[in-house]
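Structure first, then comments.
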Amino acid sequence: GIEFIDSYVFNKAEYIRFNSTVGRYVGYTEHGVKNAEAWNKGPQLGQEQAELERVCKPNAALEYRAILDKT
């Protein structure tokens, strides 16, 4: 399967992450937890899921095919 992770970092510390396996945002700081709650209810969640379909899945198929061609 494919796992898409989109991390948000401030001052070298990850504060929020979207993980396609979990299917939602998870906050790692007080600010990140508040943002995760809001983003999971808003349009941001759908945008992340759309990126998985638009970018990750088609490119994963191309990469997999390239690996098979080399073996």
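The values are calculated or read from the model by the stated rules, or taken from the named source; none is laboratory data. Keep in mind the model is a prediction, meaning the values are calculated, not measured. A quick note on method: Cβ atoms are made from the backbone with ideal geometry, for glycine too, and the neighbour counts reach across all protein chains shown. These area figures cover heavy atoms from the full protein model, side chains too; ligands, DNA and RNA do not enter into them. Shrake-Rupley method; radii C 1.70, N 1.55, O 1.52, S 1.80 Å.
Between the entries [x] 11.7, 34; [y] 14.8, 47; [z] 14.5, 55, the label attached to Rg and Dmax of the Cα atoms in Å calculated for this structure is [y]. Averaging the sequence gap over all C-alpha pairs within less than 8 Å and six or more residues apart, then dividing by the number of residues, gives the chain a relative contact order of 22 percent. Lys-Lys pairs in the chain that are eight or more residues apart or on separate chains and whose Cα atoms lie under 28 Å of each other come to 4.
Karplus-derived 3J(HN,Hα) values for segment 23-28, using 6.51 cos²θ - 1.76 cosθ + 1.60 with θ = phi - 60°, are x, 7, 7, 10, x, 10 Hz; glycine and proline are entered as x. Using a probe radius of 1.4 angstrom, the carbon and sulfur fraction of the accessible surface of segment 5-69 is 55%. Compute the FRET efficiency between GLU30 and GLU53 as 1/(1 + (r/R0)^6), taking r as their Cβ-Cβ distance and R0 = 22 Å, and round to the nearest 0.05. My answer for the efficiency is 0.10. Solvent-accessible area per residue in the chain equals 74 Å², computed with a 1.4 angstrom probe and all protein chains kept. Ellipticity at 222 nm from helices only: DSSP H runs of n ≥ 4 in the chain, each -39500 (n - 2.57), divided by the residue count, give -15000 deg cm²/dmol.
Between ASP6 and THR21, the distance separating the two model label sites (each 7 Å from Cα on the Cα→Cβ line) works out to 1.9 nm.
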